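The values are calculated or read from the model by the stated rules, or taken from the named source; none is laboratory data. Predicted, not measured: the structure shown is a model, and the values here were computed from it. All Cβ positions, even for glycine, are placed from backbone atoms using ideal geometry, and neighbour counts span all protein chains on display. Keep in mind that these areas ignore ligands, DNA and RNA; they rest on the heavy atoms of the full protein, side chains included. Shrake-Rupley method; radii C 1.70, N 1.55, O 1.52, S 1.80 Å.
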Amino acid sequence: MSNQNQPVLVAGGGIGGFAAALALSKQGFKVQVFEQAPEIGEIGAGIQLGPNAFHAFDALGIGEIARGKAVYTDYMVMHDAIDGYQVGKIPTDEKFRVRFGNPYAVIHRADIHGSLVEGAHKYGDLEIITNCQIQKVEQDENSVTIYDQNGKSYTGQALIGADGVKSVVRETYVGDPALVTGHVVYRAVVPESEFPEDLKWNAASIWVGPNCHLVHYPLRGGKEYNVVVTFHSRQQEQWGVTDGSKEEVLSYFQGICPQARQLIELPKSWRRWATADREPIDTWTFGRVTLLGDAAHPTTQYMAQGACMALEDAVTLGEALRVNNNDLAAALEMYQKARVARTARIVLSSREMGKIYHASGVKRLVRNDLWRGRSAERFYDAMEWLYGWNVSNCLDAVKNYQGNVA
């Protein structure tokens, strides 16, 4: 199945796409990355990086680049947005780093993306094709061909569909609907000089309330702060990104405490995401085509693991290629088997975490009592399945894989 004279095609020039390109390049493949935007870049604001993300960066050879752009938090903390009660606090100090082998950090999406693009250029034979909207995918025994909006075709030995929640590649082979959650996310970045002094915590911080929550943490050495608010929309939503309005945000956060309420007074402009996920699937490799990142397992944001899972995917794909001596057929099958259960757990856990965050009434009281008196070690034990992932164990699930589930 391997024809080294042809490139591997990667649909999507985001974090997942360039992580895949980097993993492929390190294995000696020529790579073509196709991006529908007119230029390569990353929208959005900040994201959180667990130790598993740093394990992925290290495996991809860009650990030091990424570390130089991250902000390392002292703790994660959850407060009740109604009365300010501290629901839980998890230290991310030296004991955390020793336990999981890497830190917890926050970073601007553009800084991760730039690190991956830099690494992909450094390690291999990479071509980037922008302004390319993939319209059709075809494959035969020897190759895969994609066609863009102008009818132009590109042929390679395999295709990695890293083209997001609205993946054309997934639509071609799976055809399942995106599940619009009705949850709307507003994101903004605020200069440090405008951020409230009493919220300048070196922490990944969340305020949870009935059908809503707010998140804040520092970026770029504390020169900026990421602000995210989420609420359950009153209207029928369609997945997409638009400009938002402060008036809409204010209308959803009437009952929260003054300290948290400061956050929604800060941004000069907002970007509005109507979110969606999909039901987990057990098959996302189809001959010479496989899916990666949000195209394979789109998830809501409540586990803060979307980008981390795409990075893990890329590392696992590269490792599967390595152990199979670049036999693409064997590697793509192994990659899928290694990733299906873990990524499905993230999708399903994220849905449940959203319910915990947005609890009201008696459920809110139960939520606030969940972690009372819990030690750091007990929190770490609960996180082991998530943050204990690394390149040395990324293929372990293959040996337990039982094939398609009924």
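Solvent exposure of the chain, expressed per residue, is 41 Å² of accessible area, with all protein chains present and a 1.4 angstrom probe. Taken as Cα centroids, region 273-290 and region 219-250 sit 25 Å apart, rounded to the nearest whole angstrom.
Calculate, for residue 399 and residue 211, the FRET efficiency according to 1/(1 + (r/R0)^6) with r their C-beta to C-beta distance and R0 60 Å; round to the nearest 0.05. Plugging the Cβ-Cβ distance into 1/(1 + (r/R0)^6) gives 0.90. In order along region 294-302, phi translates into HN-Hα couplings of 4, 5, 8, 8, x, 9, 6, 8, 6 Hz, rounded to whole numbers, per the Karplus curve 6.51 cos²θ - 1.76 cosθ + 1.60 with θ = phi - 60° and x for Gly and Pro.
When the square roots of the Cα gyration tensor eigenvalues are ordered a ≥ b ≥ c, the ratio a/c for region 153-244 is 1.5 or more and a/b does not exceed b/c, which makes its shape oblate.
According to the square roots a ≥ b ≥ c of the eigenvalues of the Cα gyration tensor, what is the shape class of region 250-406, taking rounded for a/c under 1.5, prolate for a/b larger than b/c otherwise, and oblate for the remainder? The shape class here is prolate. Beta-bridge orientation, the chain: approximately 70 percent antiparallel, per DSSP, counting only bridges with both partners inside.
Candidates 164, 185, 151 compared by Cα position along the dipole of region 133-208: farthest toward the positive end lies 151, with charges placed on Cβ.
Pairs from the table (26/69; 89/363; 89/200; 30/69) lying more than 25 angstrom apart at Cα are 30/69. Taking the Cα centre of the chain as origin and assigning +1 to Lys and Arg Cβ atoms and -1 to Asp and Glu Cβ atoms, the resulting dipole is close to 700 debye. Only protein atoms count toward the accessible area here, which uses a 1.4 Å probe; on region 251-406, the carbon and sulfur part of that area reaches 53 percent.
The dipole here belongs to region 179-277: it is taken about the Cα centre, uses +1 on the Cβ of Lys and Arg and -1 on the Cβ of Asp and Glu, and is about 100 debye.
Counting charges near residue 131 (Lys, Arg +1; Asp, Glu -1) among other residues having Cβ under 9 Å from its Cβ returns a value of -3. Derived scalar couplings between HN and Hα for region 243-256 equal 6, x, 9, 4, 4, 5, 4, 4, 5, 9, 10, 7, x, 8 Hz in order, rounded to whole Hz, by the Karplus curve 6.51 cos²θ - 1.76 cosθ + 1.60 (θ = phi - 60°), x for Gly and Pro. Long hydrophobic helices in the chain, taken as whole DSSP H segments with a C-alpha length of 18 Å or more on their own axis and mean Kyte-Doolittle hydropathy at least 0.5: 306-323.
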